[in-house]
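For reference, the structure discussed in these notes is given below.
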Amino acid sequence: MLDKEGFVLIKNFFDPNKILVEANNTLLKAQKIKWRYAKIYHNIFINNFVNFFSVRYPGHKKLDNNLNNYLAELNLQNTISKYTKWKNFKITQIELQHNEKYNYQSTWHRDWHNSNLENIVIIIYLTDEKGFRLVKRNDEKKLSDNYPSLKEKSYKFGYTNLPKDFYHEFDVKAGDVVIFDAGLLHQGFVKGKRTHFFIRCKKIENEISKNFDEIIEDHLKINASNEVLEQNAKEDSYNYDINYFSLNNRIKSLIYLVLYFIPIHKIFKFLKDRKKKFIHFHYSFFQK
Ligand SMILES: [Fe+2]
């Protein structure tokens, strides 16, 4: 459970079909209008597309969809209250995270500076997905005893090769939901296709209504102004000013495509790392 293990997996929470269709249309629309608030974590070639990792503000009117209504129908407020025992909270981030065909593996990191159940992540799975890794709350001590550098909210040692008995690996189906304490160490991982919602939620003191439209922050609202979106995007560490649709970046993506299958730049690092303390083949065909 969320208090002891730091996560909860809710099987068959919803029927994913209707939302998946809408999410796929949103991804197409975002590509078509070159949505400024999309994240690309590895610029690798896909025919007619840019390799999206995430669409931010997915319910915005410019993306022309019903996603905010569909999310409201899931009644997440009740689920959040039930598992966290929080009285009042706000949804601070909603991303439509997607992976089209190439492998993806993030660093080991934490999304929040403590793991006292102040801030949570909710993942709403629209497709089956395998590989997301999380160090459980009851394994935090074992982790800090053996890997003191992973105690901090730091990305410096992010590609540490952590043994399998230190973390839980999720194998979930479309329609499942995972909630975890954002302060716990985790690593994004997928081979091939995936689509899910990533939702961040924080506990607050002052009382607010439990209406979905009122618990989402202003930048997540359908009618959010450009200024509100831009201001929120500035608070993110991601740089939205790089235009991955440009000719220059499309040409670069072809080079990354070759390196994905023949990662020569990674082979030297792998050979030099004799004790295999780090992983080296993330974002490549040989990811594991
Ligand atoms: Fe994260």
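The values are calculated or read from the model by the stated rules, or taken from the named source; none is laboratory data. All values derive from a computational prediction rather than experimental measurement. All Cβ positions, even for glycine, are placed from backbone atoms using ideal geometry, and neighbour counts span all protein chains on display.
Annotation note: of Glu118, Glu214, Glu152, the sole residue that is surrounded by fewer than 20 Cβ atoms within 10 Å (Cβ to Cβ) and closer than 16 Å to Leu2 by Cβ is Glu118. The residues in the stretch 101-114 that are within 13 Å of the ligand (Cβ to nearest atom) and crowded, with 19+ Cβ neighbours inside 10 Å can be counted, and the count is 5.
State yes or no: is Phe132 away from the ligand (no atom under 11 Å from the Cβ), of a type in the set (Phe, Trp, Tyr) and at pLDDT 95 or above?
Numbers: away from the ligand (no atom under 11 Å from the Cβ): no; of a type in the set (Phe, Trp, Tyr): yes; at pLDDT 95 or above: yes.
No, not satisfied.
Taking helices (runs of 4 or more DSSP H) as the structural unit, those lying wholly within the stretch 1-111 and holding at least 1 residues that are modelled with pLDDT of 95 or more and within 30 Å of Ser253 (Cα to Cα) correspond to 17-32.
From the list Ser149, Ser154, which residue is more than 14 Å from the ligand (Cβ to nearest atom), hydroxyl-bearing (Ser, Thr, Tyr) and either modelled with pLDDT under 90 or in a strand (DSSP E or B) (or both)? Can you show your working first?
On the way: Ser154 fails: more than 14 Å from the ligand (Cβ to nearest atom).
Of Ser149, Ser154, the one residue that is more than 14 Å from the ligand (Cβ to nearest atom), hydroxyl-bearing (Ser, Thr, Tyr) and either modelled with pLDDT under 90 or in a strand (DSSP E or B) (or both) is Ser149.
Residue selection: Gln77 satisfies the criterion of being surrounded by fewer than 20 Cβ atoms within 10 Å (Cβ to Cβ) and either in contact with a Gly (Cβ under 7 Å, 6 or more places away or on another chain) or over 28 Å from Gly192 (Cα atoms) (or both). Taking the options Ile204, Ile120, name whichever one is within 16 Å of the ligand (Cβ to nearest atom) and not basic (Lys, Arg). That would be Ile120, the only listed residue that is within 16 Å of the ligand (Cβ to nearest atom) and not basic (Lys, Arg). Only one entry of Leu71, Leu126, Leu67, Leu63 meets the criterion of being touching a residue at least 60 places away in the same chain (Cβ under 8 Å) and more than 30 Å from Phe261 (Cα to Cα), and that entry is Leu71.
From (1) touching a strand residue (DSSP E or B) at 6+ places or on another chain (Cβ under 7 Å); (2) of a type outside the set (S, T, N, Q); (3) surrounded by fewer than 20 Cβ atoms within 10 Å (Cβ to Cβ), pick out the condition that doesn't hold for Ile179. Against the list (1) touching a strand residue (DSSP E or B) at 6+ places or on another chain (Cβ under 7 Å); (2) of a type outside the set (S, T, N, Q); (3) surrounded by fewer than 20 Cβ atoms within 10 Å (Cβ to Cβ), Ile179 comes up short only on (3).
For (1) away from the ligand (no atom under 16 Å from the Cβ); (2) under 16 Å from Pro16 (Cβ atoms); (3) of a type in the set (S, T, N, Q), each residue gets a yes or a no:
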| residue | (1), (2), (3) |
| --- | --- |
| Lys61 | yes, no, no |
| Asp64 | yes, no, no |
| Thr84 | yes, no, yes |
| Lys90 | yes, no, no |
| Gln93 | no, no, yes |
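Would you pick out the residues in the stretch 246-278 that are touching a residue at least 24 places away in the same chain (Cβ under 8 Å) and either loosely packed, with under 13 Cβ neighbours inside 10 Å or touching a Leu at 6+ places or on another chain (Cβ under 9 Å) (or both)? Hits for the stretch 246-278 are Leu254, Phe261, Lys276, Lys277.
Is one or more of the residues making up the stretch 172-184 more than 19 Å from the chain's Cα centre (by Cα), assigned to a loop (DSSP other than H, G, I, E, B) and away from the ligand (no atom under 16 Å from the Cβ)? Before the answer, list the steps.
Start the filter on the stretch 172-184 by keeping residues that are more than 19 Å from the chain's Cα centre (by Cα), which leaves none.
Looking through the stretch 172-184, none of the residues is more than 19 Å from the chain's Cα centre (by Cα), assigned to a loop (DSSP other than H, G, I, E, B) and away from the ligand (no atom under 16 Å from the Cβ).
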